[in-house]
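Visitor: I have a structure here, written as structure tokens, and I will follow up with some questions on it.
The values are calculated or read from the model by the stated rules, or taken from the named source; none is laboratory data. Since the structure is predicted, the reported quantities are computational estimates derived from the model, not experimental observations. Here Cβ is always computed from backbone atoms with ideal geometry, including for glycine, and neighbour counts include all displayed protein chains. In case anyone asks, the SASA skips ligands and DNA or RNA and just uses the protein heavy atoms, side chains included. Shrake-Rupley method; radii C 1.70, N 1.55, O 1.52, S 1.80 Å.
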Amino acid sequence: MDSSRHNRTLVALSLRRDDGVDFARWCAALIYALNVGTQEVGVRWRIKVGCTASLPAHEVTAATEDARSSGGSLSVVDLDTGDDAWASLSADVIDNDTLVLAVAPDALILASTVTRLLTAYERTPVAVAARTLPFDNKSTHEGLLEFADVPCVLAAAEELASTRVSAVIHPEAVVMCDVAREPGHRADSVPAAVPKTSLLERAVHLVDEVAADAIGSTISSSTQPLLSVVMRTQLHRPEALREALLCLAGQTDDRFELLLVGHDIELVDVENLVTEQPEWLRQRTRLMVASGGTRARPLNVGFGAALGSHVAVLDDDDVVASRWVERFLTAAEAAPGSLVRAVVGVQQVAMADWPGAVTGHATISEVTCPYPPIFDLADHLRVNMTPFMAIAFPRVALARLGGADETLEVCEDWDLILRGAALLGVVDIPHLTAIYRRWVSGGDSYSVHDEARWGRDMQAVRSKLDGMPLVLPPGSALALAAMSQSRFDSGELAEVYRSTSWRVTSPLRAIGDAVQRVRRR
């Protein structure tokens, strides 16, 4: 931003009509974003929050002091609930030297949000907006005037009522609410109860051991994170990693730790991305290095350092909803000895150039839900139908299972899920909680490894399962019979059974069967 703009003041406005969102966390993230994000451009900042419902006095006092010590200011004003609340809030900031950042009361933004919006506005002084994560949520956010589909907008004060937005900045904001669409197979939010699935002594013992460990971890320390999130990265797509971190910053339940494992890379660039995050997330993040090996190596580094009662894996290019952690922990508390599985959507993504010579990405398809909402072990023997971020493991189970198989170049997730599910069973969460990104350009595990490697590793996974007894959940007999019938209906054997010769020779086969029974006696 040129020197003529340096005297400008950036006023962040937000209108809160209830206290449903954690005000302290929201305010701390906004203060940090404004403080760091304006340093490069030399713009002063202040925050003005209008409320139509009371806020906790101690949180307001703490946030006010935090803003002052960071070089800005914060004021909270009581407003009427009428339609002119937003006009009353913004009345004293209409000044040609003032830029207004309208922020939804349920949105978190990063320091890069502020810097990029200011830079974009300088290039084209027309209102610019930030995109919502984890995906475009079309719900209306009170107080954003015509900018109802985005969580934050930057404009000059005199342009605030304009509906023209010149650019949408990526990635910048996450709305702290549940995902907009849910699969229609179940309306309740209670996890399906799954009985112990093993009739074998060793499996029963493991179930009891895992459950006891999970419960013990839950109550042993109030400061211990309950969910350990393992994220492996080679920093191929830093902007996608920034989005994944942003989604974690927007979680409604902060009882988690992040184990960020760099695989064969220096951690300096990763550290810079972590620095952008709110302080509470930085404090919960541990950076580690994994050297050599396959894709399973960084997983085992993270698994070995995990402290939570349960462990989930989030790849650095996928995104999760704000209740991802909360959903996992709720189900895990109900069934601490089982794997927990949520519904995941799929969206196609391609590499794209963003403003400012940034290599980013663009979504090129709608979100679909191709994976079955209920886990079926028999069906999973054919192909993996559970993306990694859809599952949470009891931590002790990972150790007992020997972690991820480092001899596999692919399918390490499928292998671990199958072996865990076969012994411990799975509790299903009937909610869409994440988006698995399929890259149509820029490369992913499907394009990096050829079909021969996929075939060899899939066979290795099945061979491993062949060496252990499989205990299938209730309902599997009918499922297997249906699968067998399907093969029968379409196979050569069905043609034989339907043939005239088979029917004509039926009496001869009956006599032969009788003779064989006599001989066996």
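Visitor: Any idea which residue in segment 360-390 is farthest from the chain's Cα centre (by Cα), counting only those that are within 17 Å of D317 (Cα to Cα), at pLDDT 85 or above and not in a loop (DSSP other than H, G, I, E, B)?
Guide: F388
Visitor: Right, next: Only residues that are part of a loop (DSSP other than H, G, I, E, B), open to solvent by 20 Å² or more (accessible area, probe 1.4 Å), more than 10 Å from V289 (Cα to Cα) and not acidic (D, E): list them for segment 228-267, please.
Guide: If the condition is that a residue be part of a loop (DSSP other than H, G, I, E, B), open to solvent by 20 Å² or more (accessible area, probe 1.4 Å), more than 10 Å from V289 (Cα to Cα) and not acidic (D, E), then Q234, L235, H236, R237, T252, R255 are the ones that fit.
Visitor: Write out, first by first residue and then by second, each pair whose Cβ atoms fall under 9 Å of each other, whose residues are 6+ apart or on separate chains, and whose first residue, in segment 60-82, is over 11 Å from C27 (Cβ atoms) while the second is in a loop (DSSP other than H, G, I, E, B) and small (G, A, S).
Guide: Partner pairs satisfying both residue conditions: D78/S54; T81/A53.
Visitor: Considering only segment 325-359, state which residues are under 30 Å from T119 (Cβ atoms), small (G, A, S) and not in a strand (DSSP E or B). Write out each step before concluding.
Guide: Within segment 325-359, the first condition is being under 30 Å from T119 (Cβ atoms), and the residues that meet it are 347-359.
Now restrict to residues that are small (G, A, S): 350, 352, 356-357.
Across segment 325-359, the qualifying residues are G356, A357.
Visitor: Identify the residue in segment 1-39 that is of a type in the set (S, T, Y) and open to solvent by 60 Å² or more (accessible area, probe 1.4 Å) and, among all such residues, is modelled with the lowest pLDDT.
Guide: From segment 1-39, those of a type in the set (S, T, Y) are 3-4, 9, 14, 32, 38; that's our starting set.
Narrowing further to those that are open to solvent by 60 Å² or more (accessible area, probe 1.4 Å): 3-4.
On the way: S3: 42, S4: 47.
The extreme case among them is S3.
Visitor: Of L377, L416, L401, L423, which residue is under 16 Å from P298 (Cβ atoms) and open to solvent by less than 40 Å² (accessible area, probe 1.4 Å)?
Guide: Values: L377 fails: under 16 Å from P298 (Cβ atoms); L401 fails: under 16 Å from P298 (Cβ atoms); L423 fails: under 16 Å from P298 (Cβ atoms).
Within the list L377, L416, L401, L423, the selection yields L416.
Visitor: Using beta carbons and a limit of 8 Å, which pairs, at least six apart or on different chains, have the first residue in segment 314-339 and farther than 26 Å from D106 by Cβ and the second one at pLDDT 90 or above and polar (S, T, N, Q)?
Guide: P336/S309
Visitor: Would you tally the residues in segment 40-73 being touching a helix residue (DSSP H, G or I) at 6+ places or on another chain (Cβ under 7 Å), in a helix (DSSP H, G or I) and open to solvent by less than 40 Å² (accessible area, probe 1.4 Å)?
Guide: Total satisfying the criteria: 2.
Visitor: Moving on to the next point. Counting only residues that are free of Cβ contacts under 8 Å to residues at least 40 places away in the same chain and crowded, with 17+ Cβ neighbours inside 10 Å, how many does segment 340-365 have?
Guide: Residues flagged as free of Cβ contacts under 8 Å to residues at least 40 places away in the same chain and crowded, with 17+ Cβ neighbours inside 10 Å within segment 340-365 amount to 0.
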